[in-house]
Every structure is written in structure tokens, then in C-alpha cells.
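Colleague: Have a look at the structure that comes next, please.
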Amino acid sequence: MAGASRSLFHHLISEDVIYEDRQHNYETDAFVEVVRFSFERFADHLLVKRLLDPLLSKDDLRIAFADGKVGSNMSGDWNLRMNAGLLEALFVQVPIKFAAELVTVCPEPKEHRQATRAFLGSIPWREPSTINDQTRDVLNELLSAGQIREAEVLLVLLLVAVSPRHATWNADFLHKNLLRRGLNRRDATWSIFVFDECNEEFSLFERLINWAMSEPNAARFDEDSVRLASIILAWMFTTSHRFARDRATKAIVSLLVNYPKVLTDILKLFETVDDLYVVERLYCVAYSCAMRLSDVEALRALAEQTYQFVFSRDEVIPHILVRDYARGIIEMAVAKGADLSFDPARSRPPFNSTLTEPVFVDGELESWSNWKAGPKEEWSKRRIYHSVMGSEDFARYVIGTNSGSFEWSSRRLGEKKSRSSKAFDYGNDNFDLRFAQRWIMRRVIDLGWSTELFGEFDSRVFGSGREEHKPERIGKKYQWIAYHEFLARVSDNFEFIGEPWPKRIRKYDGPWQIGYVRDIDPSCLLRAKNVEKDATCWWHPLRYEWDRTLSHEQWLRKTDDIPQFESALRVSDPSSQAWYVLEGNFHFSQPKTLQEEEQRESSLPVRQIWAHVRSYLVRKRDFSRLLGWAKKQDFTNRSMPESHDAGKLFLGEYYWSPAYRYFEQPYYDRYAWTKGDYH
């Protein structure tokens, strides 16, 4: 038996390639010892290979399937379910050996759901060369017969989408298919599919996003795979699931920042897409990459491509965010000294577009507004009307009917006015927001929303509050597109006021001047992490150990346990690069006991330690004077200048961009050098 331990059989068992088992023999009602492969799919393929080895032609296969060993295992629903793995292996191996699809030689399995699922399941495992026109014809036949659903096909296509070897059915194939569809037809299938998949845990989209963001700024991926992955991520921009859309945006930036040539190729690939949700985010991605590019020549090429597509036409794309991102790319190229073939001023507003009163046929608006008992799908139609034309949040807080204020006056650009009318005339020059509502409603209808396509889907989508970044209806997607188009057209045709007080005419320069139209900062790729509240990290290394044995009074009087905040002012990152902390908030709260959690009393005393770090630049000649003054101050009243939120300004726009220059003024608490008299 000593030799048994050195046998191949023994080593296959010890490595878990095979294992010994007992199987019940129904004919003899006894158990027999058998050997099985640990990897079931491997076993299935070996068994199928053995079944197919004696067969030399399609006729042999047809006979074997009709009354031979192959057919005996594949007849009827029960056998197909019991041998699902064998069936999938047949779908993989038959095209290799016989250059034909199994169901074209032996049609019988097409009638069974299990067989059609096995056909789909075989595609990611196949030799790519075996996927051809015949495979496509079988797929279309099964789709037409209702044997498989389109969502199932899309899932399979996603599995092979990023593989350059699957040239027949990878992302290029999906791109051509989606591009052929009109906006609303594509939304009724693909966009809803993306939405539903993104609500599933560990979806293929989530896995693709995590892969793309796994090593930001690391040029380690195959260029063809980057291009294919970027196509799929770009098509995710059609979805009304705004969480997913935002994650896809930052994922594709992570991929393309090291591949500027692929970025320009992707922009060209989507030039004919009819969905401004896609165009907007593609140029958002391009702007993010432009802010990171150190290669001036690559930046120049990106700026040239952007100018040709967005600004060289007679009517610049009327979408306020597309224009914003596209201009940002060109301004970045100018700031980096790129030698451009066009005048950058042509990328700055205003532009040429028209804005006229929308026209509705008799009874058209009433058909959207009148309530009548009916299926829930009809409710989705009314919801759009009341969201735009009624008193719901979109009308009140986005369009602005709640306050009646708007960043533009009712006076058209170039309109002659008297000296006394050069300032804004409150009451007479207010923009009529009813016109905005009508225009947006008309555009939503023209984009193709219908009860038949979206009624059921929109009726089951509910927002989780008033925040903008959430899963939304397709109707809401069309509302956002229409709103951003409307703002672009208004900016081309009407006088800009900006801040509601004081009411005076200004020059419109970009969406950072108005409400929170910019809805994502593409220059910041940080992802939220679920960490403990008091967890430390390299830029916040302090910890505090709570002593519950002390009474509240003892704890308050104890001073030798106060964290050494000075040690947190100079820190080192994982690469040993030293940093000075110029601004920070250190906060420690004693965790509650279970009993305290259950009491939920806000009056219970809570132990907390906090400290703020604020930094200021001081001229050498002023330092002694400042120090003497500071020794007499009580800084707990927070009378010193503090930094302020700049939510309309992207992180990557600091110090160089038109948006940064706009906010660098005292009106926005930007004082530069002061003597403390800024109040």
C-alpha cells in the first residue's frame, strides 16, 4: 500500500481534482462506490466529449440525439433539468466539432426553457470563433418566440463585452445595436435594464465599476479592454438611476485618465448618439481627464476634438452642462499653453440658439393633466404633468415657481432700453416661469415619453426624498434634459441677473453663477467608505481612550489625557511623504452604552473633545504684531476668517479656471490679505 500514496489517483484526490463517493443504484437498491470530479463543469465537458467522440457528422449527431445515448439524457423537461450542465457543454462543444449550432441540427430542445437557458449560458464559455451569424439567428428566433427575454441576452452580452477576443459579441456589437435605437425605445429596454440591474447586489455593472476603480491612475490595463469597458460604462449614462450614473462617471474617468487617445476615440464613437444624458456625461468625463492630463499634446488633441463636435457648429449644442464641460476642456488647454487651431473665445457664452413659445394642439395638455380612474400606468403620465406644470418639487425648487425668482430677466439680449431701464426693474422685468414650465413640458413630450413605453416602470420608481442623486423615473430624466436645454437657450437669448439681490444686469459666464446646476464634481474620485466614526487614518492619527471609571466631574478636571493635537499637525502618507495639516476638525465622542442607546434621551450628558485647526499666511513684518494681538484674544468666538464651502466649484478648478476667478472676490468671502477688518 506504500506505493498507493505515490499513485496519480491518490494525488488527484489529495488535490481535490476528484473525490470518492457512494451512489444509490435504483435497480439493485444498493449503494456503489464511484469517483467524481470535484469541478462539475469540468466533468460535464469530459462526459460530453466522450459522447461526441464516436460521432463523425451532423447526421450521426442527429441520430444520436433522436435515439442514442445523447438523446436519452436530453429528452423531456425533467431530464433537461437534471442534466443542465451536460446540455450547456453540448452547446459549447457541438459548434466546435460540427461547425453548427446544436438546435439547428437537433431542433427539439428549442421547445424547452431549460435548453434555451443552457444556450445562453454557453456563450461566455465558447471559443469566440464559434459565435457567428448562425448563433445570432438562433438567438433572434428564441427572442421572437418568447423563449428568452431581452434582459437575459443583455446579461450574457455583458459577460463577454470587455473581451477583445469576443469580437463578434463584445461591447462593439452592443454599441452598434444600442446606437440604432431611438432615444425612447432604447430607454424602454436598455436604460430600464441598467436601472434594475444596478439595484441588485453584486451586479455585473457594480463589478465592472469596481474593476475600473480598483487602481486609479495606474496604467496597467490592456488598451482594447479599456476601450470596451469604457463603451459599456458610457452606455450606463442613459439610466435614470443617478447613483449608478455617478459611479459609472467616476469609474470611466479612472480608466481613461491614462488613455487620452482612447478617450478621444470614445467621444468620436458616440458623436451620433441622440441622448444628451450620454453626451453630457461623456464631456464631464473628458473634462475630468483634461484636469489631470500632464501631456500638453494629448490635451491639445482633446480640445481640438471637443471644439469640432461642440462649438464649430452654427447652433452650439443647447445644453448648459455639455457647454460647461466642453468649455472647461478648452480653458484647461489654454491654461497649459496648448497651441490651438481655433480661437478659444468661441467656446465662451453667449451662443446662438432660438427660444420660442411652445405649441400644443387642442386638448394635448389636458390629456396629461386631467385625472381619471384607470391603470397605475396612467398615473405616471399625470405625475410628469404635476412635476413640471403643477406644485411638486421640480416645478417649485428646480424651475423656481416657489420663490418666483430666476437668474435671467425677461428682457432679450440686444433689446434697446432707455437709460432708466438699464438696471433690473423688479416687478416688470421678472422672467415668466410659466413659459419655462410650458417649454419644458413640450420638450418632455417631444423626447418621446409615453404611457406604453414607461408607464409601468415610472409607476414603480419612488424617490427617497428631495435630494437629486437618487433612482428616478424616465420621465424625470427627460425633465432634467429639457431643463438643462432650456437654461442653455435662455442664456443665449435673455439678460442675466445672477444673484437675486441686488437685481442688476450681469454677464453670464457659466453655470457656477446660478443655482446648483452642476450635479457632480468629476475631478474628485474619492469614494465613501464605511468606517468607524472614531477610526484613525494617516491624516487623522489621533485616538482617545475613554475611562468610564471616572465621574463626569473627574473627567472634566483631568487634563493630562487631552490628545496631543500638535502631533497631528504634521503627518506622513503611506509613501512617507510629509504633509502639514492646514485645516482640520478633530472630534471625539464617548460611545454610548446599550442602556444609554435605549434611553435615547437628548438630555443625557455626553462627553466630547473637539479641536479646530485653522491656518493663516502672515507677512514676516507683521508676525510680532499679530502674535501680541493673538495672546489677548478669545478664539472660541470664531471671529477669525474661515474657509467656506464652494459647492459650485470643482476641486480640480482651483487657481486656474474661470469658475475659480469668479468666486475669488469679497462677495464670496474671499478676502486675500486682510487686517482683520473684513467684517
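Colleague: How much FRET efficiency would the formula 1/(1 + (r/R0)^6) give for GLU297 and ALA99, where r is the Cβ-Cβ distance and R0 is 35 Å, rounded to 0.05? Numbers along the way, then the final one.
Modeller: On the way: r = 48 Å, r/R0 = 1.38.
After rounding, the FRET efficiency stands at 0.15.
Colleague: Okay, moving on. Among [x] 29.0; [y] 28.2; [z] 30.9, only one was calculated for this model; which label is it, if the read-out is Kirkwood radius over Cα pairs in Å?
Modeller: Evaluating Kirkwood radius over Cα pairs in Å on these atoms matches [z].
Colleague: Want the number for ASN199 to LYS49: 0.36 nm per residue separation, take away the alpha-carbon distance, what's left?
Modeller: Working: separation 150, 0.36 × 150 = 54.00 nm, distance 3.97 nm.
50.0 nm is the gain from fully extending ASN199 to LYS49.
Colleague: So, R0 is 51 Å and r is the distance between the beta-carbons of SER369 and ASP67; what FRET efficiency does that work out to, to 0.05?
Modeller: Plugging the Cβ-Cβ distance into 1/(1 + (r/R0)^6) gives 0.15.
Colleague: Taking the Cα centre of the stretch 226-359 as the origin and placing charges on Cβ (Lys, Arg +1; Asp, Glu -1), which of LEU267, ALA333, MET291 is farthest toward the positive end of the dipole?
Modeller: Farthest towards the positive end: MET291.
Colleague: At 7 Å along Cα-to-Cβ for each site, give me the label-to-label distance between GLN554 and SER572 in nm.
Modeller: Those two pseudo-labels are separated by 3.8 nm.
Colleague: Given LYS176/LYS250; LYS376/LYS477; LYS58/LYS176; LYS250/LYS477; LYS58/LYS110; LYS250/LYS376, which pairs have Cα atoms separated by over 28 Å?
Modeller: Beyond 28 Å between Cα atoms: LYS58/LYS176; LYS250/LYS376.
Colleague: Leaving out ligands and nucleic acids, and using a 1.4 Å probe, what accessible area per residue does the chain come to in Å²?
Modeller: On a per-residue basis, the chain sits at 55 Å².
Colleague: Tell me the net charge near LEU179. Cut-off is 14 Å between Cβ atoms, LEU179 excluded, with +1 for each Lys or Arg and -1 for each Asp or Glu. List each step's numbers first, then the result.
Modeller: Working: positive: LYS176, ARG180, ARG181, ARG185, ARG186, LYS268; negative: ASP172, ASP187, GLU271, ASP274, ASP275.
Net local charge, LEU179 excluded: +1.
Colleague: Which value in deg cm²/dmol, rounded to the nearest 500, describes the helix-derived mean residue ellipticity at 222 nm for the chain, given -39,500 (n - 2.57) per DSSP H run of n ≥ 4 and division by the residue count?
Modeller: Result for the chain: -13000 deg cm²/dmol, rounded to the nearest 500.
Colleague: Turning to a different aspect of this structure: Dipole size in debye (nearest 20) for the stretch 505-589 around its Cα centre, Lys and Arg Cβ +1, Asp and Glu Cβ -1?
Modeller: 340 debye
Colleague: Another question about this same structure. Quick check: the distance between the Cα centres of the stretch 78-128 and the stretch 335-391, to the nearest angstrom?
Modeller: 48 Å
Colleague: Then there is this: Quick one: if the Förster radius is 51 Å, what FRET efficiency do TRP546 and PHE462 give, using the C-beta to C-beta distance and rounding to 0.05?
Modeller: Efficiency, rounded to the nearest 0.05: 0.75.
Colleague: As a test question: what accessible area, to the nearest 10 Å², does ASP172 have when a 1.4 Å probe is rolled over all protein chains in place?
Modeller: For ASP172, solvent-accessible area is about 40 Å².
Colleague: Subtracting the Cα-Cα distance from 0.36 nm times the residue separation, let me have the gained length for SER410 to ILE13 in nm, one decimal. Each step should come with its number before you reach the end.
Modeller: Working: separation 397, 0.36 × 397 = 142.92 nm, distance 8.28 nm.
Contour length minus Cα-Cα distance gives 134.6 nm.
Colleague: Now, a different point. Using a cut-off of 11 Å between beta-carbons, work out the net charge of the residues near VAL461 (Lys and Arg +1, Asp and Glu -1, VAL461 not included).
Modeller: Summing Lys and Arg as +1 and Asp and Glu as -1 gives +2.
Colleague: So, one more: Taking all protein chains as present, what is the carbon and sulfur share of the accessible area of the chain, in % to the nearest whole number, probe 1.4 Å?
Modeller: Details: 19140 of 37210 Å².
C and S fraction of accessible area: 51 percent.
Colleague: For the stretch 124-235, what does the alpha-carbon gyration tensor say about shape, rounded, prolate or oblate, given a ≥ b ≥ c as the root eigenvalues, a/c under 1.5 as rounded, and a/b over b/c as prolate?
Modeller: oblate
Colleague: I've got another one for you. I'd like the antiparallel share, as a percent to the nearest 5, of DSSP beta bridges with both residues in the stretch 1-142.
Modeller: 100 percent
Colleague: Something else: Helix 276-292 versus the longest principal axis of the chain: what is the Cα-based angle in degrees, 0 to 90, to the nearest 10?
Modeller: The angle comes out at about 70 degrees.
Colleague: On full extension of the chain, what length is gained from ASP343 through ARG81, given 0.36 nm per residue of separation minus the C-alpha to C-alpha distance?
Modeller: Once the chain is fully extended between ASP343 and ARG81, it gains 87.6 nm.
Colleague: Still on this structure, I have one more. Quick check for me: using +1 on Lys/Arg Cβ and -1 on Asp/Glu Cβ, what's the dipole size of the chain about its Cα centre, in debye to the nearest 20? Kindly include the intermediate steps, with their values, before the conclusion.
Modeller: On the way: 92 positive and 99 negative charges, 556 e Å.
Once rounded to the nearest 20, the dipole reads 2680 debye.
Colleague: Under 8 Å for C-alpha pairs, at least 6 residues apart: give me the relative contact order for the chain, rounded to a whole percent.
Modeller: 8 percent
The values are calculated or read from the model by the stated rules, or taken from the named source; none is laboratory data. On a predicted model such as this, the values are computed, not experimentally measured, just so you know. In this analysis, Cβ positions are derived from the backbone assuming ideal geometry, glycine residues included, and neighbour counts consider all displayed protein chains. Please note that ligands, DNA and RNA were not included when accessible areas were found on the heavy atoms of the full protein model with its side chains. Shrake-Rupley method; radii C 1.70, N 1.55, O 1.52, S 1.80 Å.
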